[in-house]
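The values are calculated or read from the model by the stated rules, or taken from the named source; none is laboratory data. What you see is a predicted model, and the numbers here were worked out from it, not measured in a lab. No Cβ is skipped: glycine too gets one built from the backbone with ideal geometry, and neighbour counts run over all protein chains shown. Just so you know, the surface numbers come from the protein's heavy atoms only, side chains and all, with ligands and any DNA or RNA stripped out. Shrake-Rupley method; radii C 1.70, N 1.55, O 1.52, S 1.80 Å.
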Amino acid sequence: MARPAGQLLLLMLGTAALWTGATGTGSGSASGSTPPGSPAELVIVPANTTATEGNTLILVCVAYGDPTPDISWLKDGTVLANDSSRITVLTEVVMEQGIPFVQSTLRDMRSRQRVEIVVQPDNGTFTEGNTGIFTCVASGEPSTPSIAWWMNEMELYNSSAEGRVKIYQETVEVKGATFVVSYLEICGITMDDAGVYSCSAYLPSANVTSGEFRVSVTSALPEIVIAPANTEVAAGNTAIFTCVGLSEPPPNITWTFEGEAIANDSRTSVYSLELEENGVVFTVSLLELCGVDLEESGTYSCVATGGMANTTAYFQLNVLEQNAPDIVIAPQNTTLDVNNTALFTCVALAGSAPSETTISWMKGGTNLYNDSRVTVYTTAINEGGAVFIHSILEICGVTLEDSDYYTCVAGNAFGIDYSNFTVEVVDTGPPDIVIAPSNTDVLLGNTVLLTCVVAFLNTPPELSWHRNDTGELYNTSDVSIYTSTIEEGGVMFLRSILELCGVELSDEGLYFCQAAFDMNPDRTSRAYFYVDVFEENVEIIVAPADSAARANSTILFTCVAYGVPLPSYITWTFNGTALSNSSSADYSLSIYHSQFQVGGAVFLQSILEICGLVEEQSGYYSCSAESSAGNDTETFRLIVQPLAGPAIAIAPNDTEADINSTVIFRLRRLRQPPAPTSPGFSGLCGVTVENQGLYSCVAENSINITQSYFYLNILEPPTVAIQPDDTVANYGDTVLLTCVVYSVDPRPYVPPNVLWYRDEELIANSTDAGSDGGDYDAFTRSILELCGVTLAETGEYSCVANDSIGMSPPATFNVSVFTSVTIVIAPSDEVVSAGVTSLFTCVATGIPDPAFSWLLENTAIAEGDRHNITTVTEVIEGVTFVTSVLQICEINFSDEGTYRCVADVPGLSDSASFEISIQDVGATIEVPPMNVTVVRGTEVTLVCGAMGAPLPL
């Protein structure tokens, strides 16, 4: 199978465009001659080339013209000539179609060996029994390489694969270049020949491997791509089986029961058709058995036949005896509020007559029928071959007269099953708003959160937010409403949070939270509150008072400012002139600045100190605070008195103290005689509320008596006024916990910090939802949101508040995360025939959705060649059911034993056990030999196909 040399030349170099024509007169003609006086022209020129260092470089140039041109080679402008050590130039005249061409070949020889594969094999797909041929072409320097073939990284030789592999190799020379061509021939291809192949060319010190190519093999036998599954059907019902086969050409599909062919009759129908998908043609066949009876239980098969071969899939049909329905999900006792809608669900396993099974409803022993308020919905659902009847009883706008006992009755011709439950209707009146929003102050541009919580019995009311002058509020870019249902201590609550983002002055006004049943005014509650929006401000909150001091003494003035934003600085003036740090021989003046924080609020403080006062410093002083919000100025007067009788230079100011703390009052006495008789310090240890009151300090000497009055105010740390109750939440739910703190703080009021802890560890990202109250006391509300709770959120929680006065005792409560799991439908014990495919179904419900695993003799079953596990989740009447199906293909005796399906949720699991027993299937001849007529002395082949478990001989 070698290629002609001319073809290899065209493969390597492409087709050159040649000039041909006819010249001369008379009867003769010339073809393929060069016109006389033709200019030299290059017809094949070297292309840009990248070469590996050490390899041999070969460049070819072809020209023609009259007279015959000379070809020379240049490198960087320098003419190259033959060099015995490396460079070789070979020039020759070649005739093509009678035209002389000049061909010049430049070889730049290196000492290293070079190998190159110029033709690589392609991927191939073959049918079993066919022959595959692959070609690999290589070249090398300085000698011709050898070629080897590889399959899955194992080298192939002649006679590999039981003599089916043959390797041929030949050498071909084209235009002075030598190539080696190797052929790989695989005869009678089988499935074992499928894999990844490659060829490699090598010299003693150089080698190269082709890119990988893949050989795919398709089966010559028909393939059943979808086989019927083992099925259980109640007597009298219809069983339908599907079989899909694939072969080339498409196979013919037939059906058997206990080894006998199945034909169409009044209760049996076989439908077949060919279906093309993505270019592949399948044969699809359906077997329908109507009104099956117990005698039709047994072993069935679908047989796909293509040519002289066939493939069989066996399955079991188990016809169940007729039985009465069984209620598997029954309605529960219920308490409802008037005017609500009641929904009750009853689910029954249909038994042996699904089409004849019905569910009816009774109240007080009397049948219920559809009317203006009562509606019954009934559907049948097939799950894993079992038929369930789902019925829903809906009663709209329940009244007190609807209180009674009710019955769900499921029945068919073989019996009934029933379940009783009670309904109690109560009139709770308007909804009870247990936590109402309070009046709120908010800074312009900030965000405010407001909470409204309503308790309800069964059906939650409609909870909405309104502005008194504009109507109901909805979610917008600036308004967000979050609503959730929670259960605490067996009581249901509906909680809604209103978030106003980036409030503006126009957002100020009267609002209310409204809870209503059926929008009935007599069953509606409202909670009003006012939102007050204030702008940026700056204010001096502690200013010096008018003062008198003796000459040569020292005096301190303190100025404290607060604002939003915080003032950038405080300045001092004396009689309108700005003051700064200075000193002289008689006095010195110093100004100190600092910031301090109280309860999360930051204050700017400035102290003016004048040492060695002189009478000229009497006058009017001022301190001024300034920010982008404006400025505020406080003015006071200082009188410097000449030396005289005693004076109180520093008197105690009005003071606030924490309970049980110690208070010390300091007096500074003037330093001229006679000394005053007043002590310099006075203190109160462990102050209580009884120590609150008006105090004075008195200084006296022989000249006069002076005194100063001040007030002592006793402050208490914050306390938790409302704390969350112990809470139980479903796994994955969002939990909102609210803590309301009462606190007292000096003007201006600064809300306390509220901290949350779980098992004594601080929790980040809680939200202060706002505060309300007067200038000195207020309630602060903080909300802790736990999103998608897991078992890790279970624990002891506490909220603690602290401010500049102190810290509250912790308010402690517990949060529990609830999970559950129940298997509602479990596989039953089965006896199956060896070689068939069986399905086993397990259905569970839980919180959160359970995950399934399957075990055989307590060993986990992994998906593989014979085991497939499929999981489906669906919601029925608000309840989530997770279904897991275990498929075991070609069952054998190793599959016999005790199985378990296990449904898991975090912290819990439920399981169901069942037994699988394997039974033998007797040997049967499925494909008997056919009558054949042959010529004497010729070869004849007879085919006989049998089945059974174990496999017959």
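Counting 0.36 nm for each residue step from Ala177 to Val426 and taking away their Cα separation leaves a gain of 79.2 nm. Net charge of the neighbourhood of Glu915, taken over other residues with C-beta under 10 Å away and scored Lys/Arg +1, Asp/Glu -1, is -3. Our estimate of slack between Leu443 and Ala545, defined as 0.36 nm per intervening residue step minus the Cα-Cα distance, is 33.7 nm. With the simple model of a label 7 Å out from the Cα in the direction of the Cβ, Glu890 to Ser583 spans 10.3 nm.
Could you tell me the calculated FRET efficiency between Asn278 and Thr242, based on Cβ-Cβ distance and R0 = 22 angstrom, to the nearest 0.05?
FRET efficiency, Asn278 to Thr242: 0.65.
Among the protein heavy atoms, those of Ser159 account for about 80 Å² of accessible surface (1.4 Å probe, every chain in place).
Look at the alpha carbon pairs under 8 Å that are at least 6 residues apart: their mean separation over the length of the stretch 472-603 gives a relative contact order of 13 percent. Between Phe813 and Ile381, the FRET efficiency from the beta-carbon distance, with R0 = 51 Å, is close to 0.75. Ligands, DNA and RNA aside, Asp803 has an accessible area near 20 Å² when probed at 1.4 Å.
Taking max minus min of the alpha-carbon positions on each principal axis, the stretch 372-470 gives extents of 75, 38, 23 Å, largest first.
Only the Cβ atoms of Lys and Arg (+1) and of Asp and Glu (-1) were treated as charged; on that basis the dipole of the stretch 173-304 about its Cα centre amounts to roughly 680 debye.
Relative contact order for the stretch 153-267: what is it in percent, counting Cα pairs under 8 Å that are at least 6 residues apart? If you can, show how the numbers build up before the last one.
Numbers: 121 pairs, mean separation 15.8, N = 115.
Relative contact order comes out at 14 percent.
Show me 522-533, 832-843 ranked by packing, highest mean number of other Cβ atoms within 10 Å first. Before the final figure, lay out each step's value.
Details: 522-533: 16.2, 832-843: 20.5.
Put in order of decreasing packing, that is 832-843, 522-533.
With the simple model of a label 7 Å out from the Cα in the direction of the Cβ, Phe779 to Phe529 spans 0.9 nm. In this label model, Gln595 and Glu394 are separated by 6.2 nm, measuring between points 7 Å along each Cα→Cβ vector. Max-minus-min Cα coordinates of the stretch 251-294 on each principal axis give 42, 21, 16 Å, with the largest extent listed first. Between the beta carbons of Phe257 and Gln919, assuming R0 = 22 Å, the FRET efficiency works out to 0.80 to the nearest 0.05. A simple charge model with +1 on the Cβ of Lys and Arg, -1 on the Cβ of Asp and Glu and nothing else charged puts the dipole of the stretch 122-247 at about 160 debye relative to its Cα centre. For the peptides 207-216, 41-50, residues were scored by their other Cβ atoms within 10 Å and the scores averaged per peptide; the highest-first order is 207-216, 41-50. The Cα-based radius of gyration and maximum Cα-Cα distance (Dmax) for the stretch 101-141 are 18.0, 53 Å. Length available on full extension from Ser628 to Glu760: 0.36 nm per residue minus the Cα-Cα distance, which gives 43.3 nm.
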